[in-house]
Amino acid sequence: MKYIAKRSNMNKKIKIIHICDKFGRKGSTIHGVSRLFQWWMPLFNSNLFDVKLVGLRKQDKACENLIDQGINIKSLARGKFDLFTLKDIVNIIKQENADIVHLHGYGASNFGIAAARITGIKCVVHEHFVDPAYPGYQLPFDYFLAPRADMGIAICESVKEFMVNKRYFRRNNVKVVFNGIPINNFTHKEKSLVLEEKKRLGLPDDHKIIASIGRLDEQKGNCYFIAAAAKLLKKNNKLKFLLVGDGPLMNDLKEQTRKLNIQDYVIFTGHYQDIPLLQSMIDIQVFPSIWEGTTLTIFEAFAMSLPVVSTNADGLGEVVKNEINGLSVVPKDSQLFADAIEELINNPEKAERLAKNGNEEIKKYDISLCVKNIENIYIELMS
């Protein structure tokens, strides 16, 4: 017999449980999904929605960072293929008298859709990127379970196509909801603070600062950024390059700078908490990703009126429009990437124009609009 969730007449709130496989990737302290939860959770309308957050794995650094930010998380500490995960989710649905489970990640979608069907509640599957290494084991789960999801959310059109063509979601059941950022949080810091931080990091005032901000893993393509940096330094040694973030490729990327003999020009900051302060110091922000959804840092760059050089990988190609709000090149081509950076260095008027255009678009990507669109999906599902 199915358990059918019923809301008490005394409490008309729609009860949502967000379930996420994990909050970080490969040892990183910050990951896009965890940042979204940090921003989303306080913005859900507490008069209409009761929103909880559950993680399937053991707590990691990203999870601990969320908890430090005041976000409550229940961690199940289950392994990737632990079948007891299904029982745990069913029990949580019953305990919370939930109306909707909102699922992030393959494990969350597999167990979450099944739990929703067992308990008779609604489920939403939220896909955050186009996975070039889509695992073979996932295909039969998606073939059977994805058509049984009540709704899919894709963060851009490329991700929607991935969900429909690769993961078997029904096209008319997938809505595109672009991510966003808290725009008002991204403003330039006071000059005295910027100068102090530049001094701490060893950034000369007469050098151009080019930065990549994100996890140091294969997806982000920073090996091509470093290769581009080496090409640029052959023509201009008044440049400094920042790689901001942590991740599994930190040591490999440092070794690459040593082999190219540019280690004195490249600074690895590690995890960096105050991104607006960092962005207040730089002249160009770059996105050398090999594959993507829509990285949140592109919206942050627009909000900070920074010139952008990006690859056209997946959702990045939808947001960064070449020669309009940034320069866009194909992934994995360090020469094209270097040429685009050089073009902005040598043409400050063009760099300023592109940055201005990016800033004019940022209102479309405010985090409050993203949350409102998600809330509307919840209301639609419950109507």
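The condition of being within 16 Å of Asp314 (Cα to Cα), in contact with a Phe, Trp or Tyr (Cβ under 8 Å, 6 or more places away or on another chain), buried (at least 21 other Cβ atoms within 10 Å of the Cβ) and modelled with pLDDT of 95 or more holds for only one of Ala154, Ala149, that being Ala154.
Going by what's in this entry, would Phe169 be described as in the same structural domain as Asn376 (by TED's automatic domain parsing), part of a loop (DSSP other than H, G, I, E, B), modelled with pLDDT under 95 and among the aromatic types (Phe, Trp, Tyr)?
No; evaluated as a whole, the condition is false for this residue.
Which members of region 336-383 meet the condition of being of a type in the set (D, E, K, R), closer than 30 Å to Ala98 by Cα and part of a helix (DSSP H, G or I)?
Those that are of a type in the set (D, E, K, R), closer than 30 Å to Ala98 by Cα and part of a helix (DSSP H, G or I): Lys372, Glu375, Glu380.
Kindly establish whether Lys220 is touching a residue at least 60 places away in the same chain (Cβ under 8 Å), exposed (fewer than 14 other Cβ atoms within 10 Å of the Cβ) and either on the phi < 0 side of the Ramachandran plot or in the same structural domain as Trp39 (by TED's automatic domain parsing) (or both). Show your work before the answer.
Details: touching a residue at least 60 places away in the same chain (Cβ under 8 Å): yes; exposed (fewer than 14 other Cβ atoms within 10 Å of the Cβ): no; either on the phi < 0 side of the Ramachandran plot or in the same structural domain as Trp39 (by TED's automatic domain parsing) (or both): yes.
So Lys220 does not fit the description; no.
Scan region 172-190 for residues that are in a loop (DSSP other than H, G, I, E, B), in contact (Cβ under 8 Å) with a residue 24 or more places away in the chain and surrounded by fewer than 18 Cβ atoms within 10 Å (Cβ to Cβ) and the total you get is 4.
All conditions but one from (1) among the acidic types (Asp, Glu); (2) modelled with pLDDT under 95; (3) more than 22 Å from Phe81 (Cα to Cα) apply to Asp131; the one that does not is (3). The strands (runs of 3 or more DSSP E) located wholly in region 281-333 that include 2 or more residues which are crowded, with 24+ Cβ neighbours inside 10 Å and under 20 Å from the mean Cα position of the chain (by Cα) occupy 284-287, 308-311. Scanning region 351-383 for residues that are without any contact (Cβ under 8 Å) to a residue 40 or more places away in the chain and basic (Lys, Arg) yields Arg353, Lys372.
The values are calculated or read from the model by the stated rules, or taken from the named source; none is laboratory data. Because the structure is a prediction, the values reported are computed rather than measured. Reconstructed Cβ throughout: ideal geometry from the backbone, glycine too, with neighbour counts over all protein chains shown.
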